[in-house]
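Below you'll find the structure, written out as structure tokens, and then a few comments.
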Amino acid sequence: MKTTTTLIFFFLGLGVIRGQEPLSLSDAINIGLENNYDLQVQRNSEKIAGINNSWGNAGALPSINFSASGRENYNYNDTENYRQQTISPDVDLNWVLFDGFSARINKQKFEELENQSQGNTVILVENTIQDIILAYNNCLLQKKLVEVYEELANLSEDRYKRTQNSQAIGATTTYTSLQAKTSMLEDKSSLLQQRVNFENAVRTLNFQMAVDNQTQWSFTTPLEADTPDYNLESLSEKLLQNNQTLKNQYIYQSIVAREIALAKSAYSPTLTLNSGIGNTDWGQYYSGSTPNVTQNYSDAYVGLTLSFNIFNGGIRKRSLEIAKIGQESAQVQTQQMTHSLSTQLLQMYSSYEVQKTVLELTNEQEEAAKLNLELSAEKLQNGTINSFNYRDVQIAYMNAAISKYRAIYNLVESNTDLQRITGGIISEYE
């Protein structure tokens, strides 16, 4: 018995041995936003979209090319050998002056793609904040449950000691003492498992913050639920105005509209400016008495090329039809997304209102169960009730306390869902 008890308390104390660092909810969010793996990748994607958003990438700027060629010929004959040398550097400029405004359309498309990438970053930030909020509060929940199981284990141990003392003087049977011992060991086993649950919750939080899994924290933000009164009509307006997923869908619609404009621009003629300058250095060098001959001349040119595709097998027509179908699909997707988000909002709002009521009920239930436990402890000492009745009261109190803390967590989760779907979670925890 002594060895078992020693091992139990050794494992119960494992979570206290390691050093702990203070951590508030806002600190956890800041750390997560700085270190989160997905956010680091998305920020790089956003940088790439910004780099692509340029007039040069859109095709509005000219291209300038430099080329140089050199050639040497050797002529061997009966009269006099000679060598010819030619060096010709050239610089050419090619600039599309007009092609149906496709350069401007492409630039607008790149701007919208950059906005879409920024919107994806916002969505990921919102998801990261929500994940950290829930992971942090889950740590608080599991810690509270550890305290509940600790209290229950202490009560069971005290009850077992009392039955042992009573058994020693013949006031309690061996059966009652064994039942008390079984309850005590069961409660200590539950406590050990709950400590594991708490440690796993901390590891999940560490993963969300992208820090070392072995880091231990002293949580400074309490487990409490904020219960603001929401208006469903106001929430619906915020959803349509601020929901980032819906904003991204509108951007996607604009991108699809640019595809139609690009398809139409293919029907326009193309006007291209071509210009360049070149230089030729030529020489013929004799091996005998004939004088060498050298020449050096430069040339420059400028020209305009107008081209118009009359027929290309219907490629332009098919591209335009496909772009229009894509626009119709994007509009349907927007309608579906709006409907889906509105439905989710209704469900989240109903859940939030129910969770507020549940929390009020569990608070009353926990208070009543705690008072009943205190009165039952006195009755057990007085012999008014037996240990079996007292055990039932203990379990009722444990269940009531667990229900209360779970109700707080569920309300935090419901409130966070409403803040995220209406686009207010970033400003709330900024």
field: Of all residues making up the range 60-92, the number that are more than 29 Å from LEU271 (Cβ to Cβ) and outside any strand (DSSP E or B)
entry: 6
- request: Could you grab the pairs with beta carbons closer than 8 Å, sequence gap of 6+ or different chains, first residue in the range 382-410 and at positive phi, second one open to solvent by 20 Å² or more (accessible area, probe 1.4 Å)?
  value: none
query: Does GLN355 fit the bill of being open to solvent by 90 Å² or more (accessible area, probe 1.4 Å), farther than 30 Å from ILE255 by Cβ and in contact with a Ser or Thr (Cβ under 7 Å, 6 or more places away or on another chain)?
result: no
- prompt: Among the residues of the range 55-75, how many are touching a Phe, Trp or Tyr at 6+ places or on another chain (Cβ under 8 Å), surrounded by 12 or more Cβ atoms within 10 Å (Cβ to Cβ) and within 30 Å of LYS109 (Cβ to Cβ)?
  reply: 4
message: Looking at the range 134-154, can you tell me whether even one residue there is among the β-branched types (Val, Ile, Thr), modelled with pLDDT under 85, open to solvent by less than 70 Å² (accessible area, probe 1.4 Å) and in a helix (DSSP H, G or I)?
response: no
query: Pairs, please: C-beta under 6 Å, at least 6 apart or cross-chain, first residue assigned to a strand (DSSP E or B) and in the range 285-304, second open to solvent by 80 Å² or more (accessible area, probe 1.4 Å)?
result: TYR285/ASN292; ALA300/ILE277
message: Restricting to the range 207-241, give me the number of residues that are open to solvent by 60 Å² or more (accessible area, probe 1.4 Å) and either within 22 Å of the chain's Cα centre (by Cα) or within 29 Å of GLN331 (Cα to Cα) (or both).
response: 9
- prompt: Condition test on ASN120, is it outside any helix (DSSP H, G or I), surrounded by fewer than 19 Cβ atoms within 10 Å (Cβ to Cβ) and of a type outside the set (A, V, I, L, M, F, W, C)?
  reply: no
task: Among residues belonging to the range 271-287 that are open to solvent by 40 Å² or more (accessible area, probe 1.4 Å) and of a type in the set (Ser, Thr, Tyr), point out the one that is farthest from ARG71 (Cα to Cα).
output: SER287
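The values are calculated or read from the model by the stated rules, or taken from the named source; none is laboratory data. Predicted model only: the values in this text are computed from it and were never measured. Heads up, the Cβs are rebuilt from the backbone with ideal geometry, glycines too, and the neighbour counts pull from every protein chain shown. Note: accessible area is taken over every heavy atom of the protein model, side chains too, but ligands, DNA and RNA are not part of it. Shrake-Rupley method; radii C 1.70, N 1.55, O 1.52, S 1.80 Å.
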